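Undergrad: Once you've had a glance at the structure underneath, I'll fire off some questions.
What follows is calculated from the coordinates using simple rules that are stated; it is not laboratory data. Computed from a predicted structure; not experimentally measured. So basically every Cβ, Gly included, is an ideal-geometry build from the backbone, and we count neighbours across all protein chains shown.
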Amino acid sequence: MKTLYLVRHAKSSRNEKGINDWERPITASGIAKAKKIAKRLYAKKAVPDKMISSQAFRALNTALLFATNLHCPLSAIEINVSLYEKKVSDILDMLKKQDDTITSIMLFGHNPSISELSNYLTRKKNKDLTTSGVTCIQFKTDHWSNIDKTAGKPIYTELGK
């Protein structure tokens, strides 16, 4: 069994002049919401073996907030360029190459691709993830390379309301 947590980055500021899109900081409300959701996941014992984050500042900082509140070592976070402004197929290719000794991965990315990946893997039209939103999908396989062979089972979605 493999478990994948898809997390959309925390709410970020669009008001910063003169910075690149990937440098946008998360807002105070985004920080609070990310902490709240991470604590809810921790209460459900939803702690991943590995975290993979986009290199964008807002996604990486969301991963750091989740790691802290899930009591995961920061060394559990891997930065991967396959998550920023990439297609679902690029993200899926990266996931399928993960080590099979890892049973659960928490992926921090961006819309629309993170919500599209959820739809693809579950074979359902799910609501788009809100900022800091999480969906948990389980797969009846022991190999990451097989996660797209059959529909994953959506276990829960945490929208932070």
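Undergrad: Counting other beta carbons within 10 Å of each Cβ, put 74, 117, 95 in order, fewest first. All intermediate terms of the calculation are to be shown ahead of the outcome.
TA: Details: 74 10, 117 24, 95 21.
In order of increasing Cβ crowding within 10 Å: 74, 95, 117.
Undergrad: What is the Cα centroid distance between the stretch 19-39 and the stretch 72-125, reported in whole angstrom?
TA: That distance is 19 Å.
Undergrad: Using a 10 Å cut-off on Cβ atoms, rank the peptides 105-112, 2-9, 148-155 from the highest mean neighbour count down.
TA: Working: 105-112: 22.1, 2-9: 24.1, 148-155: 15.4.
Final packing ranking: 2-9, 105-112, 148-155.
Undergrad: Ok, one more. So for the stretch 1-124: antiparallel DSSP bridges make up what percent, rounded to the nearest 5? Could the numbers behind the result be given before it?
TA: Values: 1 of 14 bridges.
DSSP beta bridges in the stretch 1-124 are roughly 5 percent antiparallel.
Undergrad: Just how large is the dipole of the chain about the Cα centre, in debye to the nearest 20, putting +1 at every Lys and Arg Cβ and -1 at every Asp and Glu Cβ? The partial results should precede the final answer.
TA: Working: 27 positive and 15 negative charges, 163 e Å.
Roughly 780 debye, rounded to the nearest 20.
Undergrad: On to the next question. For the chain, take the convex hull of the Cα atoms, compute a quarter of its surface area, and give me that in nm², please.
TA: Values: hull surface 34.4 nm².
Its Cα hull, projected and averaged over all orientations, spans 8.6 nm².
Undergrad: Which residue, chosen from 102, 32, 143, occupies the Cα position most advanced towards the positive end of the dipole of the chain, where the dipole is computed from +1 (Lys, Arg) and -1 (Asp, Glu) charges on Cβ about the Cα centre?
TA: 32
Undergrad: Can you sort 62, 135, 101, 141 so the residue with the fewest Cβ neighbours within 10 Å comes first?
TA: Numbers: 62 30, 135 26, 101 6, 141 16.
So the ranking, lowest neighbour count to highest, is 101, 141, 135, 62.
Undergrad: Among 1, 51, what is the fewest-to-most ranking by other Cβ atoms within 10 Å? Display every interim value, and only then the final one.
TA: Values: 1 10, 51 25.
Ascending Cβ contact count within 10 Å gives the list 1, 51.
Undergrad: Counting pairs of alpha carbon atoms under 8 Å apart in space and at least six apart in sequence, what relative contact order in percent does the stretch 2-158 give?
TA: Numbers: 307 pairs, mean separation 51.0, N = 157.
Computed value for the stretch 2-158: 32 percent relative contact order.
Undergrad: Scattering from the C-alpha atoms of the stretch 74-161 alone, worked out with Debye: what is log10 I(q)/I(0) at q = 0.11, 0.24 1/Å?
TA: The Cα Debye sum returns log10 ratios of -0.29, -1.49.
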